[in-house]
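The structure under discussion appears below in the form of C-alpha cells.
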Amino acid sequence: MTSSRNTSLSRSVDRVTGGILGLIAIVSGGLVLVILWHLISGAWPAIEAGRLGLFFTDGKWQPGSERDPQFGVVPMLAGSVLVTLLAVALALPVGLASAVFHRFYAPPALERWHRRMMELLIGVPAVVFGFWGLMVVVPAIVRFAPDSPGQSLLAGGIVLALMILPLIALTSQAALQAVPAAQLQAAAGLGLGRASTILSIALPAARGGITGGVLLGLARAIGETMAVVLVCGNIPQIPQSLLDPIRPITSTIALEMGYATASHKALLFCAALVLVLFCALMVGWLSFRKSASDSGTGGA
Amino acid sequence: MTSPDTSRAGETAPCGPPGCCGSSNLCIADLSVHYRDLTAVRGVTLDIPEGEITALVGPSGCGKTSFLHSLNRLTDLIPGCRVTGSIHLCDGTEITHPKADVLELRRRVGIVFQRPNPFPQSIRRNFEIPLKEHGWSQRDIPDRIEQVLREVGLWNEVSDRLHQNATSLSGGQQQRLCIARALALDPEVVLFDEPCSALDPIASGVVEDLIHSLKGKLTVVIVTHHLAQARRIADHAAVFWMKDGAGALVEHGPADRVFSAPADPDAALYLSGARG
Amino acid sequence: MTTFSPSPVRRSPSKWPDRALALVGAIATLLSFGLFVWLVWDLVRLGLPRLSWTFLTAGVEDAGRSGGIGPLLVSTLWVLLCCLTLAIPLGTGCALWLSEFVRRGSLLARLVTGGVDLLASVPSIVFGLFGMVFFSQTLGLGFSILSGGLTLACMILPILVRTTLSALEALPADLRPAAAALGLSKTTATARILLPAAFPGIVVGITLGIGRALSETAALLFTSGYSTRTPESLSDSGRALSVHIYDLALNVANGAPMASSSALVLLAVIFVVNAAAVTLAESWLRRRLSFS
C-alpha cells in the first residue's frame, strides 16, 4: 500500500497503533494456548502420579471410591460419542428433509419463514432444551418403557438432536441454495423430474456443504453440557441399550468439579483435555476441508 | 422414429392450427413470453421445418433466448414468467397445453445451453441419470452411451475414462458431451442457445461442424449471434428485432433468401452489419 | 427421423418418487416445527402464570420455588457488561489488526486466525474450568461477577473477531485507497473512516455475541457463583439466569414452574436480541446495496 506523502510522524503513529493492535491480536490468538496450558497444568498431578495409563485402561469411572477407585475415561467417552452420533442420526434426516422440502417444494415465502425460525431457534439456550427434556422427554420414555429410568442415552440423543436441528437445517438449506443454477437448468432441459433432480443432481452437488453442517453439529453436540446433564442419567457406563443411563464427559466435569478432591480434580482436567482434543480435531478437519475445497475446485 | 404415446389432451387438429403444413416439425402461433412487468417477445408465428437447421438471429435483448426456452417449456422454471399463444409438434401434441407431459416433452425437444453444463459427476453418470429417468434399462445404456459419443466424435477421446469427472474435460469437449447427452434421449428437435459463444475458435468450429452434421437426422433450432455461422449452417433463418419495447419476428424464410435479400428494412440493416 | 437404432420400449417416469419425497419433506418440516412449538407451549403453560412485574423484581425465595428473579437479572446484566467490556476491545482490535495492519497470508496472521478458530471450538464447560483456574484462583477473583464476565469474554471473542472481520472486509474496495490518497495515516483512516463505516456490521456481531453470552450456563458454574442475592460489587458472587434454570431443574424439587418462568424471560430476551441482530443486519445490507 503506497501512500505518497506519509510524514514520519504518521508513520510512527501507525507503527504504535500496529504494535498495540498486534499485541491485542496475539493475546486473542494465544488465548487458546493459555487455556490449554492451564488444562495441562491442572491435569499434571494425575500425569505425574502415573494415572494417565489407568485413565485409558480402567473399565469404570469411580475415582472417589475408597474401596475400588477406578479412573477409566472410556465409559464417559463412549457416552459422549454415542449420544453425539445418536443426535446426528436423528437430526440429519429431519433437517435435510425439511431443507429439501423448503428448497424444492414449498413456495419461496415459506422458505424465508423457515429460515427465520431456524435462525431464532439457534439462539435457544442449551439449558432450556435440557430442562424441557427433563420435563417432557424423560417422562415420555418412562411411559413407553415403564422399567427404564427415563434418563438415558435416548433422552440425551433426542434433546441434543433438537439442539443441533436448526444448525443442520440451515446449513443444508444454504448448501442446496448454492447448487449452481446451470446444473438445475441442465437437469430440467433433460426432462428430469423433480425427485431425480434432487436425488441425482442437487444432493450430490450440495454434499460438501451438508457434511460441513453435520461436522459443525457434531462438534457442537459433543461439547454440550447443559442439554445432556439433566437428561442422561449420570451413570458413567457403556450403555447396552438406548434406554441405559450414561454420562458424557461434559456432564462428569460439570457434576464432579464442585466436590472433587485434588487428585480427582486432576483427572477431570485430563477428561477436559480429551474433550478439547476431540473438538479441535473436528474443527481442524472442517477448516482443512473448507480450504481444500476453496482452492481445489476451479471453473469447469 | 419412436412413437411414444402422443395423444395428449389439448389436441385440436392432426397438425395443429391451420397453416401448419405436413413438413413442419414445430408450429408456433402468436407466441408471446412475458416476465413480471416486461414482455420479452411478442406475437411470434413461425413454422420450423422438420429435419432442417433454423437459425434465430438478431441483436441482444430481442427475446431470442426467451423464445427458444419456451419451445421446451423451460420458461416454466422462471417465477413470474407467462407464455401465451400456442406451440404444436407435428403429431399434434400441444406443447403449451397446461396438462402437457412436460418431462416427456423435454426429452423430445432437447436443449444445449450457452455455457457447457455437464453434471460434476462421472461422464458415464451424465448419461445414466437422464437415460434411466426416461426408462432405458441398465442393459441398454452402455451401448447407447457409446453410440452417442461416437456421433459427436468424443468416443475415441473419452472411451477409456468414462468414470472420470466430466468437468475434467476441456470446454469444447464438455459442450460436445452436453450435445451427446441431449442426443442420447432420442429427441426429435434439439435447441441450441449460442452453443459456441463460450468456446475458443477451434472448439467452436468442431461444435459447429457437429451441429451441421445433424441436418437430416433431426430438427435443429439454433440461436446465434454469429451471422457468418448462421450463413454457413442454416437452411432457414428467422430474424428478431425490437419493436414497441418487445422482441418480434420481422423476417423469416429460406436462409439464402433471408441473408441475401431480406424484405424487412430492419432485418436488412442488421444483416448487412449496419445496425445491431 | 434419426439415424439411431429405434429405442427399446421404455416406461415413462413414475410420479411416485416425487410424491414420496414431498411427503417425507413435509413430515420432517411439521415434525421440527411441531417439536419447537411444543417446547415453547410447555414453557408458556407452566411459566406464564407466574410472570409479572413482581416476578421480575422480587428476590429469590425458598430456593427459587417462589419469589422472583430480580437479583438474578441484575447479576446477569453485570456479567454481560463485564464480558462486553473485555470482549469488544479485544475482538475489534484483533479484527482490525488482521484486516488493516498485517498481510493477509502472512504466518502471524494465519497463526492468530487459527488460534481464534481453535478458541471457537472449545466447549463451554472447558471455558468454565479455565475460568475457575485462571480468573477465580490464579487471579484471585474467586466466585464473582467479574470472574464470570471475563470467562464469557473469552467465549464470545471468536464471534466478535469473525463478525468484525467480515464487516471490515465488506467495506467498499475504494475506501482505503481514497484515504491513503488524502495522505491520512493508517491509524486515522481506520479510526475516522473504516470503523464508522463498518460500525453497523460490528454492532450486528456484538448483538450476536450478547445472545450467545446470555445463553451460557456451563462457563458460569464455577466462576460467577450461585448466590441469589443482589450483587453489590463486581467481586460479589452472582447467579445468572441461565444458571438459575439449571439449578432449579437439577436440584430443586417442584422447581419446574419457576424454571419455566425464568426460561420464558431468558428466551424473550434472547429472541429480542437475535431478532435485533437479524433486522440490523438486513437494514445494513440494504443500505450498502443502495449506495453501490
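The values are calculated or read from the model by the stated rules, or taken from the named source; none is laboratory data. Everything quoted here is computed from the prediction, not taken from an experiment. Cβ placement follows ideal geometry from the backbone for every residue including glycine, while neighbour counts extend to all protein chains displayed.
Quick check, is B:ILE233 of a type in the set (Val, Ile, Thr) and surrounded by fewer than 15 Cβ atoms within 10 Å (Cβ to Cβ)? No: the conditions fail for B:ILE233. Criterion applied to B:ALA261, B:ALA268, B:ALA230 was being among the hydrophobic types (A, V, I, L, M, F, W, C) and modelled with pLDDT of 90 or more, and the one residue passing it is B:ALA230. Picking from residues in region C:248-264 that are buried (at least 22 other Cβ atoms within 10 Å of the Cβ) and more than 10 Å from chain A (Cβ to nearest Cβ), the one that is nearest to C:THR228 (Cα to Cα) is C:MET258. Go through A:LEU255, A:LEU286, A:LEU277, A:LEU267 for me and flag whichever is within 11 Å of chain C (Cβ to nearest Cβ), part of a helix (DSSP H, G or I), among the hydrophobic types (A, V, I, L, M, F, W, C) and within 16 Å of A:ILE47 (Cβ to Cβ). When all the criteria are applied, what remains is A:LEU277.
Name the residue, out of A:ARG51, A:ARG112, A:ARG67, that is charged (D, E, K, R), closer than 30 Å to A:ALA169 by Cα and modelled with pLDDT under 90. Reasoning before the result, please.
On the way: A:ARG51 fails: closer than 30 Å to A:ALA169 by Cα; A:ARG67 fails: closer than 30 Å to A:ALA169 by Cα.
Just a single option satisfies the conditions, and that option is A:ARG112.
Scan region C:167-191 for residues that are in contact with a helix residue (DSSP H, G or I) (Cβ under 9 Å, 6 or more places away or on another chain) and either outside any helix (DSSP H, G or I) or buried (at least 16 other Cβ atoms within 10 Å of the Cβ) (or both) and the total you get is 17.
Per-residue answers, yes or no, for (1) surrounded by fewer than 20 Cβ atoms within 10 Å (Cβ to Cβ); (2) under 30 Å from C:ARG229 (Cα atoms); (3) within 11 Å of chain A (Cβ to nearest Cβ):
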| site | (1), (2), (3) |
| --- | --- |
| C:LEU111 | yes, no, yes |
| C:LEU118 | no, no, yes |
| C:PRO123 | no, yes, yes |
| C:VAL126 | no, yes, yes |
| C:PHE130 | no, yes, yes |
| C:PHE135 | no, yes, yes |
| C:GLY142 | yes, yes, no |
| C:LEU152 | no, yes, no |
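For C:ALA219, the stated conditions do not hold, so it cannot be described as within 13 Å of chain A (Cβ to nearest Cβ) and out of contact with any Gly (no Cβ under 6 Å at 6 or more places or on another chain). Residue count for region B:216-254 under the criterion of being in a loop (DSSP other than H, G, I, E, B) and within 19 Å of B:GLU52 (Cβ to Cβ): the result is 7.
Can you name the residue in region C:222-247 that is more than 11 Å from chain A (Cβ to nearest Cβ) and under 12 Å from C:GLY64 (Cα atoms) and is also modelled with the highest pLDDT among such residues? Outline the logic, then answer.
Step one: list which residues in region C:222-247 are more than 11 Å from chain A (Cβ to nearest Cβ), which gives C:223-225, C:227-239.
Now narrow it down to the ones that are under 12 Å from C:GLY64 (Cα atoms): C:227-229, C:239.
Numbers: C:SER227: 85, C:THR228: 84, C:ARG229: 85, C:ARG239: 90.
The residue in question is C:ARG239.
If you go through region A:89-107 one residue at a time, do you hit one that is of a type in the set (Lys, Arg) and either on the phi > 0 side of the Ramachandran plot or surrounded by fewer than 18 Cβ atoms within 10 Å (Cβ to Cβ) (or both)?
Scanning region A:89-107, I find no residue that is of a type in the set (Lys, Arg) and either on the phi > 0 side of the Ramachandran plot or surrounded by fewer than 18 Cβ atoms within 10 Å (Cβ to Cβ) (or both), so the answer is no.
For region A:115-137, the candidate set comprises residues that are within 24 Å of C:ALA26 (Cα to Cα) and more than 9 Å from every other protein chain (Cβ to nearest Cβ); within that set, the residue that is modelled with the highest pLDDT is A:VAL137. For region C:229-248, does any single residue satisfy the condition of being aromatic (Phe, Trp, Tyr) and touching a Leu at 6+ places or on another chain (Cβ under 8 Å)? So far as region C:229-248 goes, yes, one or more of its residues are aromatic (Phe, Trp, Tyr) and touching a Leu at 6+ places or on another chain (Cβ under 8 Å). Selection of first residues in region B:134-152 that are within 11 Å of chain C (Cβ to nearest Cβ) and of second residues that are of a type in the set (A, V, I, L, M) and part of a loop (DSSP other than H, G, I, E, B), restricted to Cβ pairs under 6 Å at least 6 apart or on distinct chains, gives the following pairs, ordered by first then second residue: B:HIS134/B:LEU185; B:ARG144/B:ALA184; B:VAL148/B:ALA184. Would you kindly identify the helices (runs of 4 or more DSSP H) lying entirely within region B:44-133 that contain at least 1 residues that are under 17 Å from the mean Cα position of the chain (by Cα) and of a type in the set (A, V, I, L, M)? Those helices (runs of 4 or more DSSP H) span B:64-71, B:102-108.
Assess whether A:ASP14 counts as being at pLDDT 85 or above and surrounded by 14 or more Cβ atoms within 10 Å (Cβ to Cβ). Judged against the criteria, A:ASP14 is a match.
Out of A:LEU110, A:LEU153, report the one residue that is free of Cβ contacts under 8 Å to residues at least 40 places away in the same chain and of a type in the set (A, V, I, L, M, F, W, C). Working first, answer last.
Values: A:LEU153 fails: free of Cβ contacts under 8 Å to residues at least 40 places away in the same chain.
Testing whether each residue is free of Cβ contacts under 8 Å to residues at least 40 places away in the same chain and of a type in the set (A, V, I, L, M, F, W, C) leaves just A:LEU110.
Looking at region C:87-100, can you tell me whether even one residue there is more than 10 Å from chain A (Cβ to nearest Cβ), farther than 23 Å from A:VAL283 by Cβ and out of contact with any Ser or Thr (no Cβ under 7 Å at 6 or more places or on another chain)? Yes, the conditions are met somewhere in region C:87-100. For region A:99-112, check the following and say yes or no: at least one residue is more than 8 Å from chain C (Cβ to nearest Cβ), under 22 Å from the mean Cα position of the chain (by Cα) and more than 30 Å from A:ALA262 (Cα to Cα). The answer is yes, given that some residue of region A:99-112 is more than 8 Å from chain C (Cβ to nearest Cβ), under 22 Å from the mean Cα position of the chain (by Cα) and more than 30 Å from A:ALA262 (Cα to Cα). When A:LEU92, A:LEU96, A:LEU86, A:LEU82 are checked against the criterion of being within 21 Å of A:ALA205 (Cβ to Cβ) and more than 10 Å from chain C (Cβ to nearest Cβ), a single residue qualifies: A:LEU92. Quick one: in region A:170-196, which of the residues that are free of Cβ contacts under 8 Å to residues at least 24 places away in the same chain and more than 7 Å from every other protein chain (Cβ to nearest Cβ) is surrounded by the most Cβ atoms within 10 Å (Cβ to Cβ)? Checked region A:170-196; the qualifying residue surrounded by the most Cβ atoms within 10 Å (Cβ to Cβ) is A:ALA187. Inspect all residues belonging to region A:197-217 and state whether any of them is closer than 20 Å to C:PHE127 by Cα, crowded, with 24+ Cβ neighbours inside 10 Å and under 24 Å from the mean Cα position of the chain (by Cα). Yes, the conditions are met somewhere in region A:197-217.
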